[in-house]
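Reviewing the structure listed below.
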């Protein structure tokens, strides 16, 4: 998809998916036409979200976390920053608790819940820092896709595992410096 969706278009997708209540005014009709033309919902009059539309929602985890923090008055809308010491200590403890929850989980359901919670807290921490997480994700993902699978014996892995993915010769890390200007 060449262009990103607007917040209104994402909200309309959430409304179609039953994840957000809202007024069905004129702006919603305009968004529905745009979403339909992109294959993200079926044509009217009975608009339904399509699998492609659901995929877009699945890719907006960071927006969900922003919405959560704003709902509870925990928003931060400034430039990237170091967290205040008390906030940093709280977030580190919170992340540790979620990681421990995963380590101690027994059932697949508990493992899934713990992993979602861990990602949710990590994304919330990035949000509170004021990071452009979506852009950073794109850059890190592009760099990660240039890595290679570790040798079958794990000899080229820092972790000594064939399950690893490693940096090949000439690999360059993503440049995130412009995203953390204070």
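The values are calculated or read from the model by the stated rules, or taken from the named source; none is laboratory data. None of these values were measured; they are calculated from a predicted model. Cβ: placed from backbone, ideal geometry, glycine included. Neighbour counts: every protein chain shown.
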- request: Can you confirm whether segment 108-123 contains a residue that is at pLDDT 95 or above, more than 23 Å from residue 71 (Cα to Cα) and not in a helix (DSSP H, G or I)?
  value: no
message: Whether any residue in segment 56-68 is at pLDDT below 90, in contact with a helix residue (DSSP H, G or I) (Cβ under 8 Å, 6 or more places away or on another chain) and farther than 29 Å from residue 130 by Cα is what I want to check.
response: no
query: Out of segment 81-103, which residues are surrounded by 15 or more Cβ atoms within 10 Å (Cβ to Cβ) and not in a helix (DSSP H, G or I)?
result: 83
field: Of residues in segment 3-36 being surrounded by fewer than 13 Cβ atoms within 10 Å (Cβ to Cβ) and within 17 Å of residue 55 (Cα to Cα), the one modelled with the lowest pLDDT
entry: 3
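Of all residues in segment 40-63, count the ones that are touching a residue at least 12 places away in the same chain (Cβ under 8 Å) and surrounded by 13 or more Cβ atoms within 10 Å (Cβ to Cβ). Steps first, answer last, please.
Here is the first cut: in segment 40-63, the ones touching a residue at least 12 places away in the same chain (Cβ under 8 Å) are 40-41, 44, 47-49, 52-54, 56-57, 60-63.
Adding the requirement that they be surrounded by 13 or more Cβ atoms within 10 Å (Cβ to Cβ) leaves 40-41, 47, 49, 52-54, 56-57, 60-63.
Looking only at that region, the number is 13.
Give the residues of segment 143-182 that are touching a residue at least 40 places away in the same chain (Cβ under 8 Å) and part of a helix (DSSP H, G or I), sorted by residue number.
179
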Segment 112-132, residues that are in contact with a helix residue (DSSP H, G or I) (Cβ under 8 Å, 6 or more places away or on another chain) and either on the phi > 0 side of the Ramachandran plot or surrounded by fewer than 15 Cβ atoms within 10 Å (Cβ to Cβ) (or both): 119
